[in-house]
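Below is one structure, written out as structure tokens; the observations come after it.
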Amino acid sequence: MATNTNQVQLNQAAAPEGFESWAWKWMRYSGLLLIPLAWGHVLIQDILVGVHAIDLDYVALRWASLGWRVYDFLLLAFAFAHGVNGLRQVLNDYIRSDTTRKRVTWLLFILWLVLSLIGAAAIVGGVRAP
Amino acid sequence: MESLKLNILGMARYRGREGQLSFILHRLAGLGTLLFLAVHILDTSTVYFFPSLYEHAIDIYRSTPFMLGEIALVFAVIYHGVNGARIALFDLFIPDRWNVETQRKSAYWSLGIAIVLWLPAAYMMGRSMLVHNFGL
Ligand code: HEM
Ligand code: HEM
């Protein structure tokens, strides 16, 4: 019987539209967007500037321009949602029970929401005097 | 449930020889970056919530073990990105080109490109570590 790779491909192309199919696309499109976003951030902060030159004043100076706040906000939104959904997919590879999967998904959703809100609050609120 | 199964079967197709290696590297790099990012969101948000703590957090990142960790983190972000782009481009635009031969070749290309991009970054970060932490 036809067990070549093209056959497998055809079967997969028939995947129904739904949450998992949407998540699958999300991982790919957000990933492509993260190449400029995450790489740009790491290049500037970690490679060119370096942790020894980073302090409160440095962050205050950067966040003085709206452009970098928007950049950081997009990075926060895309990188963390991509990463947490990735973790969900990894865990789904190992969890066999449907109930556990549902619980883990809720747990991850809450984790994502809380950390995203904390990070967004910092970007909106900005640097405060110590 | 059916779509979940399909998804898992789909991921399973990244396994086997070179594919297996890149599957594991991609997974570990993604999870490692996520772990860093979760901590990083919290330490960055101290600039608003507890500004006096921020410099303490950055002090930790300046220590030698953490700087070595950052060099590894940069490799993870680069490799996961290159390999993720490979997966995304094949899946979205040329799915009919997924076969054992193209996968094997492109897996090696991802690793090669990632190492070439990482070496200059590792050099700069390594030099910065020697200058600041060892007075070179
Ligand atoms: C070790 C390397 C890194 C350094 C030194 C670094 C440095 C910084 C600094 C100084 C800020 C404060 C805001 C600013 O100056 O723009 C920041 C914010 C941020 N970084 Fe990084 N970063 C690093 C790696 C990463 C990576 C790998 C990611 C993503 C995967 C990331 C994602 C973010 C996000 C989302 C924010 C905003 C956080 C918040 O709203 O609380 N960073 N980073
Ligand atoms: C730099 C650009 C990035 C690209 C092009 C990218 C691409 C991808 C793609 C296509 C997948 C799906 C793999 C699959 O379904 O087999 C994926 C999975 C994943 N990504 Fe990313 N990603 C990027 C950045 C990040 C960042 C910054 C994080 C961390 C916050 C991250 C964490 C993850 C995790 C945990 C997974 C799940 C791994 C697995 O299923 O084995 N990624 N990535």
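Within 10 Å of each Cβ in peptide A:108-119, how many partner chain Cβ atoms are there on average? Round it to a whole number, please.
Values: counts 0, 0, 0, 1, 1, 0, 0, 5, 1, 1, 6, 8.
Counting Cβ atoms of other protein chains within 10 Å of each residue's Cβ and averaging gives 2.
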Of B:F36, B:F23, B:F49, the one that fluctuates the most in a GNM where chain B has Cα springs shorter than 10 Å: B:F49
Using a Gaussian network model on chain B with a 10 Å cutoff between Cα atoms, which of B:I58, B:I71, B:I24 fluctuates the most? B:I58
As I understand it, the dipole of chain B uses +1 on the Cβ of Lys and Arg and -1 on the Cβ of Asp and Glu, about the Cα centre. Which of B:P65, B:L89, B:F75 lies farthest toward its positive end? B:L89
Once you charge only the Cβ atoms, +1 for Lys and Arg and -1 for Asp and Glu, what is the size of the charge dipole of the protein assembly as shown about its Cα centre, to the nearest 20 debye? 620
Between 0 and 90°, nearest 10: helix A:19-42 axis offset from chain A longest Cα axis: 30
Just to be sure I understand: with springs between alpha-carbon atoms less than 10 Å apart, which residue in B:W109, B:W118, B:W98 has the highest mean-square fluctuation in the Gaussian network model of chain B? B:W98
For chain B, the longest principal axis of the Cα atoms and the Cα long axis of helix B:64-93 enclose an angle in degrees, to the nearest 10, of 30
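Could you please report the charge total around A:G31, scoring K, R as +1 and D, E as -1 over all other residues with beta-carbon less than 12 angstrom from its beta-carbon?
Values: positive: A:K25, A:R28, B:R86; negative: B:D91.
Residues near A:G31 contribute +2 overall.
For B:V39 and B:R97 in one chain, what is 0.36 nm times their gap in residues minus the Cα-Cα distance, to one decimal in nm? Each step should come with its number before you reach the end.
On the way: separation 58, 0.36 × 58 = 20.88 nm, distance 3.88 nm.
The B:V39-B:R97 span can extend by a further 17.0 nm.
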Relative contact order (percent) for chain B, with alpha-carbon contacts under 8 angstrom and 6 or more residues of separation? 29
Using a 7 Å offset from the Cα along the Cα-to-Cβ direction at both A:A129 and B:L31, what is the distance between the two label points in nm, to one decimal? 4.7
Efficiency of FRET between A:L117 and B:R17 - r from beta-carbon atoms, R0 41 angstrom, step 0.05: 0.40
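To the nearest µm²/s, what D does Stokes-Einstein give for chain A at 20 °C and 1.002 mPa s, using the Kirkwood radius over alpha carbon pairs as Rh?
On the way: Rh = 17.8 Å.
Reported coefficient: 121 µm²/s.
Counting partner chain Cβ atoms within 10 Å of every residue's Cβ in B:114-120, what's the average? All intermediate terms of the calculation are to be shown ahead of the outcome.
Values: counts 0, 0, 0, 1, 0, 0, 1.
Taking the mean over all residues of the peptide, I get 0.
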Want the number for A:L43 to A:L74: 0.36 nm per residue separation, take away the alpha-carbon distance, what's left? 9.5 nm
For the stretch A:102-112, just list the computed ³J(HN,Hα) in residue order, Karplus coefficients 6.51, -1.76 and 1.60, θ = phi - 60°, integers in Hz, with x standing in for Gly and Pro. 4, 5, 4, 4, 4, 4, 5, 4, 5, 4, 4
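What whole-number volume per residue, in cubic angstrom, does the convex hull of the C-alpha atoms of the protein assembly as shown give? Don't skip to the answer; put the middle values down first.
Values: hull volume 37.2 nm³, N = 266.
It comes to 140 Å³ per residue, whole-number rounded.
Shielding of A:49-60 by partners, i.e. mean partner chain Cβ atoms within 10 Å per residue?
5
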For chain B, what does the alpha-carbon gyration tensor say about shape, rounded, prolate or oblate, given a ≥ b ≥ c as the root eigenvalues, a/c under 1.5 as rounded, and a/b over b/c as prolate? oblate
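Each value in this text was obtained by applying a stated rule to the coordinates, not by laboratory testing. Owing to the predicted nature of the structure, the values given are computational and were not obtained by experimental measurement. Ideal geometry is used to build each Cβ from the backbone, glycine not excepted, and the neighbour counts take in all protein chains shown.
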